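The structure appears right after this line, and notes come after that.
The values are calculated or read from the model by the stated rules, or taken from the named source; none is laboratory data. As the structure is a computational prediction, the values presented were derived from the model and not from experiment. Cβ coordinates were reconstructed from backbone atoms using ideal geometry, including for glycine residues, and neighbour counts include every protein chain displayed. SASA here: full protein model, heavy atoms, side chains in, ligands and nucleic acids out. Shrake-Rupley method; radii C 1.70, N 1.55, O 1.52, S 1.80 Å.
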Amino acid sequence: MLDNLVLIIVISMVITFFWILFGVYARFKLNYWKRRGVEYLTPDLIFGNVKNAVLFRSPPSWHIGELHKMAPPDAPFVGFYIFHKPCLLLRDPKIIKQIMIKDFNNFTDRYFAGSHQKDSMGMKNLFGIKNPVWKYMRSKITPTLTRSKLKNMLPLMMETTEPMIKYINDHLNNQEIVKVLDVQNIYYKCTTGVIASVALGTKVDSFYHPNEFTDAVHRSFHGLKRMIILVIVFFIPELLRVLGTRMFFNSYDYVKKFFWTAMENREKTGEKRGDFIDSLIQIKNGEQNPVYKFEGDNLVHQAATFFSGLESSATCAAFTLMELAKNPEYQQLAREDINRAIETYGWTFEAFQNMKYLEQTIHETLRLYPSVGIVDRHTLQDYKIPNSEVIIEKDTPIYVSLFGLGRDPRFWDEPEVFNPDRFADGIPDAYLAFGTGHRMCIGMKLAQLYAKLVLSLLLKDYEVWQVKEHTSFLNRRSTLTTAGNGIYLHFKKI
């Protein structure tokens, strides 16, 4: 009895000692910004400032937006902590552009870039690769997304949307009948087909003929595993050293199978289809650089550019349709814009280029619901912020919240109100939905083209609206911006 009591006391003392030791260590680490004279957000002893994000109590990207709002209103930047890692959140568009454009050479890499995970589909492309490989890769991939290349891809996209239109018509077989459909799920299914066609050179139909590939992509879009890994990638990339092999993308084996079947057949027959495979064959057979050779799996890695880009386009289109459903006056203006462009140019690339008002609705949606709500960089060398005494130490992660900037009343009148007219005269400095500077999204034109296509196909022929019981909310488990309960809209044939 006495021995047990002594053992309990000893264990309690050891636990207390280590807890005190941890407290001393944590408080020292969490005083980093205070010691450097930088305004900071009060952290939790264990989680720093990201407790709700890493525990999925709030959407991770949205949570960083909340940190943006919690900072002193006029603070150009504020310190915060991911667990005990000191990070800096930039809140001033001028400083953001200074760092990401003028002083880009010190901020060429993303915080998670070049991480030790083995997920080639997620990291070994322009999204995650480090400089100088990034610079060389960008010089090779940029020509695959030119205006002429996009014009060649458009017929493939339009062909792939046919099952989506048939699916909706099958649910609306009488124009007097009003149905409710989840447009987020519809656009995801359509996007799976577009990815397969444009990036992998093959045809699939997620609506009427799903297969192992479409099922795998569906799990990737919706799976909890991927959502957890995305949080780790964006906030705790050091953990990937421990987690090891492919975690980010569940469909890698299926992608490789489709990709190499198309590549081998295309090289054997010499067929030209106007897709990404055509461009990759040209790169593969061109002059190579030892820094990164476009051969073997390095060719497959590039397909993820389309997975991430077109997935984001699908969610953007779904949220745009939701906002237009809630704002019928803007919906009608968008419909008139679409009809005018189609009547003038037909269903051509030029028509989509001239859908200016529809483009404004997309920009306004991305202001409120940025598909990727965080921009991050990694400080390569000590850096003094212009017009301040603050020095950012080497290896400090830098973050920008697109939710924070997009809803900041310093830059937008009535920031919570959907109003496409904000973009009638151009793009304001506080709008960074596609990033900024040399490392901004290379697939921006492709993303906008696809979003315009799937929006115009529905808005031209259907009225949409949303009632209170179908109101959508953000997915708390997803770092990318998605609706946790779908986006259910009422459809009626015009």
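Among the residues making up segment 444-494, those that are assigned to a strand (DSSP E or B) and open to solvent by 10 Å² or more (accessible area, probe 1.4 Å) are Glu463, Trp465, Leu474, Leu480, Tyr488, His490, Lys492, Lys493.
Quick grid of which residues meet (1) among the charged types (D, E, K, R); (2) part of a helix (DSSP H, G or I); (3) surrounded by fewer than 21 Cβ atoms within 10 Å (Cβ to Cβ); (4) under 26 Å from the mean Cα position of the chain (by Cα):
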position: Asn298; (1), (2), (3), (4): no, yes, yes, yes
position: Leu310; (1), (2), (3), (4): no, yes, no, yes
position: Cys316; (1), (2), (3), (4): no, yes, no, yes
position: Thr320; (1), (2), (3), (4): no, yes, no, yes
position: Leu333; (1), (2), (3), (4): no, yes, yes, no
position: Arg340; (1), (2), (3), (4): yes, yes, yes, no
position: Ala351; (1), (2), (3), (4): no, yes, yes, no
position: Ile362; (1), (2), (3), (4): no, yes, no, yes
position: Arg377; (1), (2), (3), (4): yes, no, no, yes
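Quick check on segment 386-400. Is at least one of its residues of a type outside the set (Phe, Trp, Tyr), open to solvent by less than 40 Å² (accessible area, probe 1.4 Å), under 18 Å from Leu480 (Cα atoms) and touching a Leu at 6+ places or on another chain (Cβ under 9 Å)? Yes, segment 386-400 contains a residue that is of a type outside the set (Phe, Trp, Tyr), open to solvent by less than 40 Å² (accessible area, probe 1.4 Å), under 18 Å from Leu480 (Cα atoms) and touching a Leu at 6+ places or on another chain (Cβ under 9 Å).
Does Pro86 fit the bill of being open to solvent by 40 Å² or more (accessible area, probe 1.4 Å) and touching a Ser or Thr at 6+ places or on another chain (Cβ under 9 Å)? Taking the combined requirement at face value, the residue does not satisfy it.
Could you look through segment 139-157, keep only residues that are among the hydroxyl-bearing types (Ser, Thr, Tyr) and in contact (Cβ under 8 Å) with a residue 60 or more places away in the chain, and pick out the one that is surrounded by the fewest Cβ atoms within 10 Å (Cβ to Cβ)?
The first filter runs over segment 139-157 and keeps only residues among the hydroxyl-bearing types (Ser, Thr, Tyr), leaving 139, 142, 144, 146, 148.
Of the ones still in play, those that are also in contact (Cβ under 8 Å) with a residue 60 or more places away in the chain are 142, 144.
Values: Thr142: 11, Thr144: 21.
Among residues in segment 139-157 that are among the hydroxyl-bearing types (Ser, Thr, Tyr) and in contact (Cβ under 8 Å) with a residue 60 or more places away in the chain, the one surrounded by the fewest Cβ atoms within 10 Å (Cβ to Cβ) is Thr142.
Total residues in segment 429-443 satisfying the condition of being closer than 30 Å to Leu156 by Cβ and either in a helix (DSSP H, G or I) or open to solvent by 50 Å² or more (accessible area, probe 1.4 Å) (or both): the figure is 4. In the set (1) modelled with pLDDT of 95 or more; (2) surrounded by 12 or more Cβ atoms within 10 Å (Cβ to Cβ); (3) more than 27 Å from Gly435 (Cβ to Cβ), Thr42 fails one condition alone, (2). A Cβ distance below 7 Å, combined with a sequence gap of six or more or placement on separate chains, defines the contacts here; from segment 225-240, residues that are assigned to a helix (DSSP H, G or I) and open to solvent by less than 20 Å² (accessible area, probe 1.4 Å) reach residues that are of a type in the set (Lys, Arg) and at pLDDT 70 or above in the pairs Met227/Arg477.
Assess whether Ala53 counts as being modelled with pLDDT under 95, open to solvent by less than 60 Å² (accessible area, probe 1.4 Å) and under 23 Å from Ser401 (Cβ atoms). Spelling it out, Ala53 is indeed modelled with pLDDT under 95, open to solvent by less than 60 Å² (accessible area, probe 1.4 Å) and under 23 Å from Ser401 (Cβ atoms). Quick one: would you say Gly426 is open to solvent by less than 50 Å² (accessible area, probe 1.4 Å), among the small types (Gly, Ala, Ser) and in contact with a helix residue (DSSP H, G or I) (Cβ under 9 Å, 6 or more places away or on another chain)? When the stated conditions are applied, Gly426 does not pass them. The set of residues in segment 172-209 that are open to solvent by 50 Å² or more (accessible area, probe 1.4 Å) and farther than 19 Å from Met322 by Cα comprises Asn173, Asn174, Gln175, Glu176, Ile177, Lys203, Tyr208, His209. In segment 458-475, the residues that are under 15 Å from Asp182 (Cβ atoms) reach residues that are part of a helix (DSSP H, G or I) and among the small types (Gly, Ala, Ser) with C-beta atoms within less than 7 angstrom, at least six apart or across chains, in these pairs: Val464/Ala325; Trp465/Ala325; Gln466/Ala325. Within segment 396-415, the residues that satisfy the criterion of being in a loop (DSSP other than H, G, I, E, B), in contact (Cβ under 8 Å) with a residue 12 or more places away in the chain and out of contact with any strand residue (DSSP E or B) (no Cβ under 7 Å at 6 or more places or on another chain) are Arg407, Asp408, Arg410, Phe411, Trp412. Scanning segment 257-296 for residues that are open to solvent by 30 Å² or more (accessible area, probe 1.4 Å) and either of a type in the set (A, V, I, L, M, F, W, C) or part of a strand (DSSP E or B) (or both) yields Phe258, Trp260, Asn289, Val291.
Checked against (1) within 17 Å of Cys87 (Cβ to Cβ); (2) open to solvent by 80 Å² or more (accessible area, probe 1.4 Å); (3) in contact with a Leu (Cβ under 8 Å, 6 or more places away or on another chain), Arg27 passes all but a single condition, namely (1). In segment 141-200, counting only helices (runs of 4 or more DSSP H) that sit wholly within it, the ones holding 1 or more residues that are in contact with a strand residue (DSSP E or B) (Cβ under 6 Å, 6 or more places away or on another chain) and aliphatic (A, V, I, L, M) span 183-200. Residues in segment 215-224 that are surrounded by fewer than 20 Cβ atoms within 10 Å (Cβ to Cβ) and modelled with pLDDT of 70 or more: Asp215, Ala216, His218, Arg219.
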